[in-house]
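The values are calculated or read from the model by the stated rules, or taken from the named source; none is laboratory data. Quick caveat: nothing in here was measured; it's all calculated off a predicted structure. We place every Cβ from the backbone using ideal geometry, glycine too, and count neighbours over all the protein chains shown. Remember, those area values only see protein heavy atoms, side chains included, never the ligands or the DNA or RNA. Shrake-Rupley method; radii C 1.70, N 1.55, O 1.52, S 1.80 Å.
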Amino acid sequence: MAAVTAPAVAPLIERKSKLGYAVADALTIAWRNLKGMSRTPEIIMFSTIQPIIFVLTFRYVFGGSIDTGIPGLPYVDFLMPGVFLQTVAFGAMNTGIGLADDLHKGLIERFRSLPMSRSAVLAGRALSDLVRNSGVVVLMVAVGYLVGFRIHTNVGAFLAALLLLLAFSVAFSFIFAYIGMAAPSSEAAQAGSFPILALLVFASTAFAPAEGMPGWLQAYNDVQPVSVMAKALRALMIGGETAAPVLHAVLWIVGLAVVVMPITVNKYRRAA
Amino acid sequence: MEQPAILAEGLEKRFGDVAAVVGVDLAVPEGTVLGLLGPNGAGKTTIVRMLTTILKPSAGKGTILGFDVATQSDEVRERIGLAGQYAAVDDNLTGRENLIMVGRLTHQPRGGIVARAGELLERFGIADAGDRPAKTYSGGMRRRLDLAAALVHRPRVLFLDEPTTGLDPAGRLELWTVIEELVADGATLLLTTQYLEEADRLADRIVVIDHGGVIAQGTASELKRELGNTIVEVVLADPSDLDAAKSLLGEVGPTDLGDDRRSVQVKVLDSGPAVLDVVRRLDEAGLAPTSLKVREPSLDDVFLSLTGHSATDDEET
Ligand SMILES: Nc1ncnc2c1ncn2[C@@H]1O[C@H](COP(=O)(O)OP(=O)(O)OP(=O)(O)O)[C@@H](O)[C@H]1O
Ligand SMILES: [Mg+2]
């Protein structure tokens, strides 16, 4: 029978650079997260069924009574960029929940005793959630197509919009990663994230144009990130003035990346 | 090269006002087993977490194979395996995937990881369940998977925190056998337990801790000799002889009446000569015992005389 412990002086290890380890370890954790997701159908349900219900409800129930504000533009073409955003925004909550689980379940004790890269749990979580978000967005594009969603620009602009969306999803998820780490449990992380998401997603221009809103709400939606992103995505998918809204969105993404990511990484360093 | 595999000097940990560990010294030579014995809240887990780099000591130092746990944590982590008090396995991964994950995270050569996982599943008797998610495992299977995960990277120094707590007697026996095999392979092992029997069976040396500090140490037999007394128990045919027998045997050693009101217990140091002495005196006085028993001290007796409370006194659940 093979010996269980090694009498050798040096441990049997594949030598890599520090960065090499960081990447390899993050990939391993992302692999583990994706495996886990594939075996928890409720997470897949939550991240796919819910946006599909939104598409159907808004498209067929409310759609008829919402004026897009752009003459001749079908509501479904206005709606879908908002649904894409809603999908990744709520996906960000799962990042926090997953991270809270990672840090509060027994497994973190093992991770802390392994010679793995310290950043791996956070980086792996961000990576696996990017993969999940990408999958859900592709699914939503297909669902949108089935209910009549069409782009008015070109494929290049559409792909740029999806890239912008995914970049936003990563930066935005770091807010909820922070909440996940600050929360004592994954349930608390969910409870803490929801009001913030509601304020950002439901009180936004994701589903209805700002024109019908009271002035103070319009002012809020001129600056809040979800509405700013919605404007940029619509510009890229529907057309019209593009440079300014996209720049505004990029500024939000860079701003989140520069301000929130270091705070979250720092919190993670102390928590992990 | 005669440096101990595990060394702790003045190790301390405070959590705010709580002094969880106070000035603990340990030295575990390579290839030996140290049993860390103590009741709930004694500080066992805290000591293990400091020596496995999970917690920074508040004071003092610890080294593993010469590497400092506080400043050389990567070198330490490459060389240790930990099976903590609560099994740290990923419920959504299969047993095999759990081991593969640990193999990757300990940076084992890619080609060998899958084979290693299979070998460990075999060895720990969970090969049949190897491709089922760990959430379907029984408590004993989780423990074994956890232990297997601690061994993926062939660590030279192993920490097992209460490895058999929560297992049924058969499961415990099975795990003991596995641990004995590891030791036979030459692992250095630090094992914590609340079970005196377990320390007695598995450990070369035992360190007894209570309230965060070391209160006794030695081999099991040293501890027994030092602190426990052998008890000679005489059960009398006629309970009315009890008081006469008690005063008679008082000259052999301190006596007590048994709870059953039919026996006299004599504490002695060396059982052989004492038994002869007891028999001779009883015979001379014409007192007939129905039975005569010699009871060696259990480690429980040792613990009781050390701490004034039984090892399992404040056990929850
Ligand atoms: N993170 C912590 N914060 C505050 N107090 C702690 C913490 N960890 C442990 N303690 C305290 O330190 C003391 C020692 O705890 P420890 O877990 O090391 O005991 P133990 O010997 O492992 O007990 P058990 O047999 O119950 O596992 C206890 O009083 C415990 O409440
Ligand atoms: Mg403990």
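Taking N as the number of residues in region B:140-191, what is its Cα Rg relative to 2.2 N^0.38 Å?
For region B:140-191, the normalised Cα radius of gyration is 1.07.
For helix A:186-197, what angle does its Cα long axis make with the longest principal axis of chain A, in degrees from 0 to 90 and rounded to 10?
Approximately 30 degrees, to the nearest ten.
Rounded to the nearest 20 debye, what is the charge dipole size of chain B about its Cα centre when +1 sits on each Lys and Arg Cβ and -1 on each Asp and Glu Cβ?
1160
For the protein assembly as shown, what is the charge dipole size about the Cα centre, in debye to the nearest 20, if Lys and Arg each add +1 at the Cβ and Asp and Glu each add -1 at the Cβ?
The calculation lands at about 3060 debye.
Taking a cut-off of 29 Å, what percent of all Cα-Cα pairs in chain B are separated by more than that?
Percent of Cα pairs beyond 29 Å in chain B: 48.
Using the eigenvalues of the Cα gyration tensor, what equivalent ellipsoid semi-axes result for region A:51-120 when each is taken as the square root of five times the eigenvalue, whole Å, largest first?
Equivalent ellipsoid semi-axes, largest first: 44, 12, 7 Å.
Express in Å², to the nearest 10, the accessible area of B:R261 obtained by rolling a 1.4 Å probe over the protein heavy atoms while all chains stay in place.
Its heavy atoms expose roughly 140 Å² to the probe.
Go through B:K13, A:K35, A:K16, A:K231 and list them by solvent-accessible area, largest first, probe radius 1.4 Å.
A:K231, A:K16, A:K35, B:K13
With a 1.4 Å probe and all protein chains kept in place, how much accessible area does B:E9 have, in Å² rounded to the nearest 10?
Taking all protein chains as shown, B:E9 has close to 90 Å².
At a threshold of 8 angstrom on Cα-Cα distance, excluding pairs fewer than six apart, so keeping six or more, what relative contact order does chain B reach in percent?
Over chain B, the number comes to 20 percent.
Between the alpha-carbon centers of region B:231-277 and region A:22-97, tell me the distance in whole angstrom.
Comparing the Cα centres of region B:231-277 and region A:22-97, I get a distance of 81 Å.
Just round it to a whole percent: the fraction of Cα-Cα distances in region A:165-272 exceeding 16 Å.
64
Considering the dipole of chain A built from charges on the beta carbon (Lys and Arg +1, Asp and Glu -1) around the Cα centre, which of A:V138, A:V170, A:A123 is farthest to its positive end?
Checked the options; the winner is A:A123.
Say the cut-off is 28 Å between C-alpha atoms; which of A:K35/B:K13; A:K18/A:K267; A:K105/B:K13; B:K44/B:K224 go over it?
Over 28 Å apart, Cα to Cα: A:K35/B:K13.
Expressed as a rounded percentage, what relative contact order does region A:14-271 have, with Cα pairs under 8 Å and six or more residues apart?
Rounded, it is 27 percent for region A:14-271.
Normalised radius of gyration for chain A, please: alpha carbon Rg relative to 2.2 N^0.38 Å, two decimal places.
Ratio of Rg to 2.2 N^0.38 Å for chain A: 1.13.
Determine the order of A:W31, A:W216 by accessible area, beginning with the largest, at a probe radius of 1.4 Å.
Ranked list, largest accessible area first: A:W216, A:W31.
Just round it to a whole percent: the fraction of Cα-Cα distances in region B:228-296 exceeding 18 Å.
23
Taking the Cβ of B:G212 as the center, what net charge do the other residues with Cβ under 9 Å away carry, scoring Lys and Arg +1 and Asp and Glu -1?
The answer is -1.
Stokes-Einstein diffusion coefficient for region B:160-317 at 10 °C in a medium of 1.306 mPa s, Rh from the Kirkwood formula over Cα pairs: what value in µm²/s?
Rounded to a whole number, D works out at 88 µm²/s.
May I ask for the angle, rounded to the nearest 10°, between helix B:169-184 and the longest principal axis of chain B, with both axes built from Cα atoms and the value confined to 0 to 90°?
70
Where does each of A:K105, A:K267 land when they are ordered by accessible area, with a 1.4 Å probe and the largest first?
Heavy-atom accessible area, descending, gives A:K105, A:K267.
Considering only DSSP beta bridges where both residues belong to chain B, give the percentage that are antiparallel (nearest 5).
Here the share of antiparallel DSSP bridges comes out near 65 percent.
With a 1.4 Å probe, how much accessible area is buried between chains B and A, both sides summed, in Å² to the nearest hundred?
3700
Per residue, what volume in Å³ does the Cα convex hull of region A:1-156 take up?
Roughly 177 Å³ of hull volume per residue.
Once every Cα of the protein assembly as shown carries one equal point scatterer and solvent is ignored, give the base-10 log of I(q)/I(0) from the Debye formula at q = 0.07, 0.12 Å⁻¹, two decimals.
The Cα Debye sum returns log10 ratios of -0.58, -1.12.
Let me spell out the model: positive unit charges on the Cβ of Lys and Arg, negative unit charges on the Cβ of Asp and Glu, origin at the Cα centre of chain A. What dipole size does that give, in debye rounded to 20?
In total the dipole reaches around 1000 debye.
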